[in-house]
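Have a look at the structure below, then the notes.
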């Protein structure tokens, strides 16, 4: 089969994802406690990104959408347990939405996310420059 090449790459279409909270990329080990018919089951995983309302992770044995889980998350050498609902799930990625956080967990998440935001700005300054530029206009 013959396929013609244009020899010039096509520009990708610009798009904007609108989220309620900004997401920050971070890979930390997480422990997931699921409650199945035969009792609680512990599963390991690795986080992909975080926000104050939720997170996504790679989890061994993807949970079902709508399932309620407890996520054990190490933040600043303190382990927080967060109650969450599974919003989407596949073999590649699982998305969680947190239930309202306890005051210590909320404060710990805010401090940690603030650190992640500062780290992102140093890694990708051009992205933050563009956002600031767009806000001014």
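The values are calculated or read from the model by the stated rules, or taken from the named source; none is laboratory data. Given the structure is predicted, the values throughout are model-derived calculations rather than measurements. Cβ coordinates were reconstructed from backbone atoms using ideal geometry, including for glycine residues, and neighbour counts include every protein chain displayed.
Pairs are defined by a Cβ separation below 7 Å, a sequence spacing of at least 6 or placement on different chains, a first member in the stretch 78-97 that is in contact (Cβ under 8 Å) with a residue 40 or more places away in the chain and on the phi > 0 side of the Ramachandran plot, and a second member that is part of a strand (DSSP E or B) and surrounded by 18 or more Cβ atoms within 10 Å (Cβ to Cβ); no pair meets this definition.
With the requirement that a residue be surrounded by 17 or more Cβ atoms within 10 Å (Cβ to Cβ) and at pLDDT below 90, what does the stretch 78-100 give you? Within the stretch 78-100, just 80 meets the criteria. Checked against (1) within 14 Å of the chain's Cα centre (by Cα); (2) closer than 15 Å to residue 105 by Cβ; (3) modelled with pLDDT under 80, residue 20 meets all criteria but (2). Mind counting the residues in the stretch 52-67 that are closer than 18 Å to residue 99 by Cα and in contact with a strand residue (DSSP E or B) (Cβ under 7 Å, 6 or more places away or on another chain)? Qualifying residue count, the stretch 52-67: 10.
Number of residues in the stretch 57-74 that are buried (at least 18 other Cβ atoms within 10 Å of the Cβ) and under 13 Å from residue 29 (Cα atoms) equals 4.
Considering each of 5, 12, 27 in turn, give the residue that is in contact with a strand residue (DSSP E or B) (Cβ under 8 Å, 6 or more places away or on another chain), surrounded by fewer than 17 Cβ atoms within 10 Å (Cβ to Cβ), modelled with pLDDT under 90 and not in a strand (DSSP E or B).
That would be 27, the only listed residue that is in contact with a strand residue (DSSP E or B) (Cβ under 8 Å, 6 or more places away or on another chain), surrounded by fewer than 17 Cβ atoms within 10 Å (Cβ to Cβ), modelled with pLDDT under 90 and not in a strand (DSSP E or B).
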